[in-house]
Structure formats: structure tokens, C-alpha cells
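The values are calculated or read from the model by the stated rules, or taken from the named source; none is laboratory data. These numbers were taken from a predicted model, which means no experiment stands behind them. Quick reminder, even Gly has a Cβ in these numbers, built from the backbone with ideal geometry, and neighbours come from all protein chains shown. Side chains included, ligands, DNA and RNA excluded: accessible areas come from the protein's heavy atoms. Shrake-Rupley method; radii C 1.70, N 1.55, O 1.52, S 1.80 Å.
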Amino acid sequence: MAIESSTFSPHRSGWEAFTLLRGNELVRRYPFLRDGAPLRREAEWVGILRAGALPGGAVLADVYESVRTEIGLALEAQGPFDGVLLDIHGAMSVLGYADAEADLARAVRAAVGPSCLVSASMDLHGNVSRELAATVDLIACHRMAAHEDDDEARQRAATDLLRRIDGSGRPHKAWVQVPVLLPGEKTSTRLEPAKGIYADVARVAALDGVLDASVWVGYGWADEPRCRAAVVVMGDDPAVITREAERLARRYWDARDEFEFVAPAGSYDECLEAVLASDARPFVLSDSGDNPMAGGAGDVTWTLARLLAEPAFAVPPADGGRSAIYASLPDAEAARAVADAGVDAVVEVRAGARVDDGPQGPLTLRGVVEHVRLDDPVGGTVCVVAVGGLRVILTERRRPYHLESDFTAIGLDPRGTDVVVVKIGNLETELYDMAEDWMLMLTPGGVDQDLHRLRHTNLGGPVHPFDPPEAFGPGPDLTPNLL
Ligand SMILES: [Zn+2]
């Protein structure tokens, strides 16, 4: 079960959020288990259930519990098994649960019994409590952010699982948490210090006596005691894995103040000032605090309300103003009303802040309908409303705008527009390539990049950068637990 869900977002992830795969359809989801792949032939693979979702708010308890029950019953009914590949993200928040992945791992363990090996493959933005690490037999995560290597990491988890089933059984695990919690946008593995740390992970994984090594950045948008960085080194030489896990943890801790945003970042005012002083076109701004792909509700109106009040966008370029696109604001009722009015109609609708009205309430959108699409597979009804030089994309459902074709499909020309504002964190590749310049805009919302503004209260002990240096005394104890 894989989702990244923010406890700071009022959005709730229900059944509609999840895509369920079972049986052969599930087995074929993994490139390394398709017909002809070597791993496919080494074992008989049974697809139990995978419930995967786009990031969102916390998962409804009954949805999680139904998935957990089905997984448990199917494991019992179709077993016995020699091993389980547990494909989890690690940042699933479920209402009423403080450590959902450990709970799920316990349920899997209860269903398969003590002799079956369970290998967990995770996202490096997941959290690893002691209980999760202790409940499974193998645990690892991918090493790249952006996640170009996610299936590669799952393949490694599956390969290690088969190797241990056939040979030496359970490895030792050296587990240690590092009391540092950073937003993903500060920990790109393309840049130092994360780049060097993850290069070191690969080096450690190749040492004699080591099966695999992993460093988790953790997930900053949940308020749970497990949320922080973690290190696990697995292998058969307890001395080596303990030494290396402590060394990686120390390296992460020592680098804690060196992590920077991957792009120029600034407040709304700083970003607007930069945009209006620049000739770069398009200048892309990420409205990052409400990024639906990190768990934001998507309908925060804070940034759009400011753009609508910005004199530079009040009139189109022909009349001396600047052009801008705002992608996007989901509001089913408003999208329907605008679609019903039809292209060229002058509309006035209240929109947004139905799910997340924390930073700002609904706003009034008054403009001309430029485009209506009724059948967008993700967004449902999608409309473009022109307000002066600003084109606002209004959607029935949350929908990411990461590709140039997302814009051109609804009659917009992002390359010919001065400013393109997208609800995203770091730019996805196509946006990045298209942007003549860009800034990460530190806006409020359920996935605010300024973690201080979220006011965590359940981290259970000092965590950098929330607590002052003196809270850590002479420094945190980074001695690994041998599990
Ligand atoms: Zn991730």
C-alpha cells in the first residue's frame, strides 16, 4: 500500500484515491517480473494486492483497514509463502494511526508466520520507525530524488529476498534514526550534500558483509514521532553494518545545515518582484505549499487571490499588462457552472478553498470563458477563464500540470506566456526544460516548504531544524540498534 499523505492537509484520501491491482495484473506491474525477466523464472510470483495512490491528505481508517484485511486474508488463503515483497512508500498517514506502515507490516507478519521472509521496498521520503525495521526482515529504499530508480530499488529488494530465501536467511539490520527533518525540495540527490551521501550509500552497499544500505530523508508533512531521517545497513557482519550505519548517520547529521533548496526560492513578494524585473519567458513559479503531488489539497486560493489583485496582470499584454497562466484550481461546482455558461461567456463564480480554507477562503473569479473540456481523464471538466492578462485553469478534480501538452490541450501557449504558475514543488522535467527561468515560491498550504510554519507537536523529542542546537546537548546518540 503506497501513498504519501500529509496530516497538515484537510484533504482525505478515500477509495477514489487508490488504484488497486491484483493477481497477474499486479505481477506485470513490475518490469523485473514480466515474462522473460530472470527474476520471473526464479520463483512463482503471486500478486496479492497493491493499493497505490497519488499523494493526498490522510487516508480514511476504514479504507486502510479494508486493504490491510484483504492483504492478510489473501496471504493466508494463497500461501504458504517463502517470501513477501512489501511494496510501500513509508509516508502513509492514516487517521487514528501514528505508524501505519509498521501496523501493515505487523498484519503481513501475522498472516505469513515467522518463517517467511518479508522484504520492504520504500521511497526515500518514507519514515522508518524501529518497529517497522524490526517487523520486516529486509528493508531498503531507492537512492535518487527525483526517483528515476524506484523500480530498480524494488528489483534489488526482490533479488535480495530470493537470495536470502535460498541461502543464508535473515540478515542483521543496523537501524538508526537521525533527528533531522527536511523538505524533499532541499534534498535532491543531484546536489550536495545529498549527492555525496547517496554516493556513499552505494559504496557501503558494495562492502563485504553488507547486503544493502539505505538512507531515508523522511517525510516532513506528517506530525508523527517516526518522521525524521533514518539509516539501515543490512548484512551478515554485525560489526561492519553497525559501523557503517553510524558513519552514514553521522555524515547526515553533520551536513544538516548544508541542505539548500534546489532552485532559487522566495516568498510570494520576492518571486513577483523577480518575475516583473525579468525578461525571461516563460518564468515559471511553483506554488509549492499546495502541491497536490506532495499531498496538498490543491484548492488553496492564497496565491491565486494575490495574482488576481496584481496590477501587472489586470490587463492583457496588448494593453500594456503581462500574461500569466495559473495551473490550477480544482472546484467541481465552479467548473460545472463555467462549463455550462460556455465559451465566450462572461462568468462570475466563487471557487476554491472547499477542502483547504486554512490560508484563505474561496475567491471570486470574474472573467471570460476561453476554453471548456468535459472529458479530461484526470481533471474531469476543465475550463480556462481569462481575467485580464491572467488565464486561470479551473478543474473538476485535482490534476497535475507537469507537461507542455497539459496546457496546449486546452488552448494555452505556455511558451508564449510571461509567467506560468504551477502547483508543484521542484519542476518536473518538461516544465524545467520549458522554463526560461524559475523560482520555488514558498507559499502556505498543507505541504508548506517552510516546515516551521506547520508547527509540528508530535515529533517526540528534539528534531533539527525545529529545535535549537542546545536541545541536542553534546549531539544526538547515533548508535545503531542491531535488529
Ligand atoms: Zn519520494
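Conditions tested, residue by residue: (1) in the same structural domain as Glu185 (by TED's automatic domain parsing); (2) within 16 Å of the ligand (Cβ to nearest atom); (3) of a type in the set (S, T, N, Q).
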site	(1), (2), (3)
Ala91	yes, yes, no
Val94	yes, no, no
Ala102	yes, no, no
Ala107	yes, no, no
Leu117	yes, no, no
Ser121	yes, yes, yes
Val128	yes, yes, no
Ala133	yes, no, no
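Thr364 passes all but one of (1) open to solvent by less than 30 Å² (accessible area, probe 1.4 Å); (2) within 25 Å of Pro311 (Cα to Cα); (3) part of a strand (DSSP E or B); which number fails?
Of the numbered conditions (1) open to solvent by less than 30 Å² (accessible area, probe 1.4 Å); (2) within 25 Å of Pro311 (Cα to Cα); (3) part of a strand (DSSP E or B), the odd one out for Thr364 is (1).
Across the range 10-33, which residue is most open to solvent (accessible area, probe 1.4 Å) among those that are within 30 Å of Gly445 (Cβ to Cβ) and hydrophobic (A, V, I, L, M, F, W, C)? Quick ask: steps written out before the conclusion?
Step one: filter the range 10-33 for residues within 30 Å of Gly445 (Cβ to Cβ), giving 10-20.
Next cut, hydrophobic (A, V, I, L, M, F, W, C) only: 15, 17-18, 20.
Values: Trp15: 116, Ala17: 28, Phe18: 19, Leu20: 60 Å².
Ranking the qualifying residues of the range 10-33, first place goes to Trp15.
Give me the pairs, please: first residue somewhere in the range 369-390 and in contact (Cβ under 8 Å) with a residue 24 or more places away in the chain, second residue anywhere and hydroxyl-bearing (Ser, Thr, Tyr), beta-carbon distance under 6 Å, and either six or more positions apart or on two chains.
Qualifying pairs under 6 Å: Leu374/Thr381; Gly379/Thr395; Val382/Thr395; Gly389/Ser323.
Within the range 76-89, take every residue that is closer than 17 Å to Asp160 by Cβ and open to solvent by 10 Å² or more (accessible area, probe 1.4 Å) and give me the one that is farthest from the ligand (Cβ to nearest atom).
Taking the range 76-89 as the starting set, the residues that turn out to be closer than 17 Å to Asp160 by Cβ are 81-88.
Of the ones still in play, those that are also open to solvent by 10 Å² or more (accessible area, probe 1.4 Å) are 81-87.
Working: Phe81: 28, Asp82: 29, Gly83: 25, Val84: 22, Leu85: 19, Leu86: 17, Asp87: 14 Å.
Among them, the one singled out is Asp82.
Only one of these conditions is not met by Thr189: (1) more than 30 Å from Tyr97 (Cα to Cα); (2) touching a strand residue (DSSP E or B) at 6+ places or on another chain (Cβ under 9 Å); (3) surrounded by 17 or more Cβ atoms within 10 Å (Cβ to Cβ). Which number is it?
(2)
Residues being surrounded by 20 or more Cβ atoms within 10 Å (Cβ to Cβ) and within 12 Å of the ligand (Cβ to nearest atom): count how many of those fall in the range 135-149. Full working, then the answer.
So the first thing to find is which residues in the range 135-149 are surrounded by 20 or more Cβ atoms within 10 Å (Cβ to Cβ), and the list is 135-143, 145.
Within this subset, residues satisfying the condition of being within 12 Å of the ligand (Cβ to nearest atom) are 141-143, 145.
So the answer is 4.
Would you mind stating whether Arg164 is outside any strand (DSSP E or B) and more than 16 Å from the ligand (Cβ to nearest atom)? Walk me through it before giving the result.
Working: outside any strand (DSSP E or B): yes; more than 16 Å from the ligand (Cβ to nearest atom): yes.
Criteria met by Arg164.
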